[in-house]
Amino acid sequence: MTMARVSIILGTRPQIIKSAPVYEALVKSGVECDIVNTGQHYEFEMNRQFFSELHLPKPSADLNVGADTPNEQIGSIIRGLGRLFEDRRPDLAIVPGDTNSALAAGIASSKAGVDVAHLEAGCRSGDIRMAEEVNRRVLDNLSEVLLCPTAACVKNVKSEHLPAEAIANVGDTMYDSLLRLRPTLEMIDVETKYRLEEGSFAFMTLHRAETVDDRASLRAVLSAVDGLGIRVAFSVHPRTRDRMSEFGLKPGPNLQTLEPLPYLESLAMVSRSKFVITDSGGLQKEAFWLGKPTLIVRDTTEWNEIVRAGGAFLVGTTPSRIALGYKRVSKITPKVFRESGQIFGRGKASTKVARMISKYLDALGNERD
Ligand code: UD1
């Protein structure tokens, strides 16, 4: 029997974070595994630095798709992967997250007859206008293996009667990464580097098309946050940087704008902040695990578990709701975060993923023999 081969297909920051512990666990359990980078995120801070911080090896292939419209980007990735699969077809593609790279990887794999395991399956915000919601729904439908991060995600996919052959709550592999990196965060002196005082600033990121591509909504958020009267360290995503300049929006005096941060600095920022303001999915979870409240500047979230636990508030982009959310933040007690790890597993998600993938590959091998 020839050894089965797995490719992890990624291309953005959050996909690199989700994949790193999985790659390590797969290699440890003897699975032959390589990494294919679509290149959706291509700037140093957005990509290569994340590979080295998370100890991922160099990708075996780089599609270099770069920035483009979603359709062009998705089309280029499908074409690139199609060619790659003709040359060296993996037995299984592991596809993390819900980005355009993830959608394209799912479609290309399915068309090439490569089985798909979706890592972070079953998340639903219920808002189909979000690009990521479309991506995750389509990808879940195309996947043979659904690796869900929470019990609620398993419930979602079961209620949709998806055709997958294997579904399990494995926990969240981002939590595995966080637990591993947490002891090193103390050594990262973001206070001196960015002239901040521990516990007296908010850490903010904004990048979703729904928040930043609309001038009125971006303007409302920036001015509402500036008006809270607290220093806000604002890591500006390239999409947001471009929109701010296109819309002629200047940050107010309480906003301290920063280039996209390396991963460890970003986690250190969360851990020293008073609270987090974001429209990102991953950062909501990281704040929860690090015991920090979050104002989610969206109307829906795929991580309802955190809102239900009381660790985050959905405040949308309206200034009055943002201001009200800020008042509620100071009333949150540490008790809220005590169970935070358990909702997302206990930091052993990647081991569970490796076990499940090995079992799936064995079954595939037996079918083919
Ligand atoms: C993508 C994901 C989102 C994820 C986020 C993390 C989709 C639909 N969205 O959003 O789910 O949370 O990544 O960051 O896939 N750009 C650069 N340099 C880069 C990357 C992007 O300048 O390294 C610019 C490009 O002009 C591009 C824009 O940012 O057009 C948006 O980037 P894109 O990769 O399309 O989506 P994100 O907003 O990063």
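The values are calculated or read from the model by the stated rules, or taken from the named source; none is laboratory data. All values reported here derive from a predicted model rather than from experimental measurement. All Cβ positions, even for glycine, are placed from backbone atoms using ideal geometry, and neighbour counts span all protein chains on display. For the accessible areas, the whole protein counts, side chains as well, though only heavy atoms, and no ligand, DNA or RNA atoms are used. Shrake-Rupley method; radii C 1.70, N 1.55, O 1.52, S 1.80 Å.
Some observations on this one:
- Within the range 165-195, the residues that satisfy the criterion of being assigned to a loop (DSSP other than H, G, I, E, B) and surrounded by 14 or more Cβ atoms within 10 Å (Cβ to Cβ) are Val170, Gly171, Asp172, Ile188.
- Just so you know, in the range 283-321 the residues that are β-branched (Val, Ile, Thr) and not in a loop (DSSP other than H, G, I, E, B) include one that is farthest from the ligand (Cβ to nearest atom), and it is Val307.
- For the range 218-238, a residue qualifies if it is closer than 30 Å to Leu179 by Cα and not in a helix (DSSP H, G or I), and the qualifying residues are Ile230, Arg231, Val232, Ala233, Phe234, Ser235, Val236, His237.
- Scanning the range 239-282 for residues that are part of a helix (DSSP H, G or I), open to solvent by 10 Å² or more (accessible area, probe 1.4 Å), in contact with a helix residue (DSSP H, G or I) (Cβ under 7 Å, 6 or more places away or on another chain) and within 12 Å of the ligand (Cβ to nearest atom) yields a total of 3.
- Per the conditions (1) closer than 30 Å to Glu265 by Cβ; (2) touching a residue at least 40 places away in the same chain (Cβ under 8 Å), the sole criterion not satisfied by Pro183 is (2).
- Residue within the range 205-219 that is basic (Lys, Arg), touching a residue at least 40 places away in the same chain (Cβ under 8 Å) and either surrounded by fewer than 14 Cβ atoms within 10 Å (Cβ to Cβ) or closer than 23 Å to Glu302 by Cβ (or both) present: yes
- Residue check for Phe44: in contact with a helix residue (DSSP H, G or I) (Cβ under 8 Å, 6 or more places away or on another chain) and within 25 Å of Val236 (Cα to Cα): no
- Check on Ala323, under 21 Å from Thr173 (Cβ atoms) and of a type in the set (A, V, I, L, M, F, W, C): no
- Taken together, the residues in the range 127-150 that are open to solvent by 30 Å² or more (accessible area, probe 1.4 Å) and in contact (Cβ under 8 Å) with a residue 24 or more places away in the chain amount to 7.
- Within the range 307-344, the residues that satisfy the criterion of being crowded, with 16+ Cβ neighbours inside 10 Å, farther than 16 Å from Leu290 by Cβ and touching a strand residue (DSSP E or B) at 6+ places or on another chain (Cβ under 8 Å) are Val307, Phe313, Leu314, Val315, Ile322, Gly325, Tyr326.
- Any hit, the range 169-179, residues being at pLDDT 95 or above and more than 23 Å from the chain's Cα centre (by Cα): no
- For Thr2, the criteria (1) of a type in the set (Ser, Thr, Tyr); (2) modelled with pLDDT under 95; (3) near the ligand (Cβ under 10 Å from one of its atoms) hold in every case but one, which is (3).
- For Glu198: the one exception among (1) in contact (Cβ under 8 Å) with a residue 12 or more places away in the chain; (2) not in a loop (DSSP other than H, G, I, E, B): (2)
- In the range 46-71, the residues that are without any contact (Cβ under 8 Å) to a residue 60 or more places away in the chain reach residues that are charged (D, E, K, R) and buried (at least 18 other Cβ atoms within 10 Å of the Cβ) with C-beta atoms within less than 8 angstrom, at least six apart or across chains, in these pairs: Asn47/Arg13; His55/Glu24.
- Residue list for the range 154-175, restricted to those being over 23 Å from Ala363 (Cβ atoms) and of a type outside the set (Lys, Arg): Asn156, Ser159, Glu160, Asp172, Met174, Tyr175
- Scanning the range 228-265 for residues that are in contact (Cβ under 8 Å) with a residue 40 or more places away in the chain and closer than 21 Å to Phe44 by Cα yields a count of 10.
- The sole residue among Gly291, Gly227 that is over 19 Å from the mean Cα position of the chain (by Cα), open to solvent by 10 Å² or more (accessible area, probe 1.4 Å) and not hydrophobic (A, V, I, L, M, F, W, C) is Gly227.
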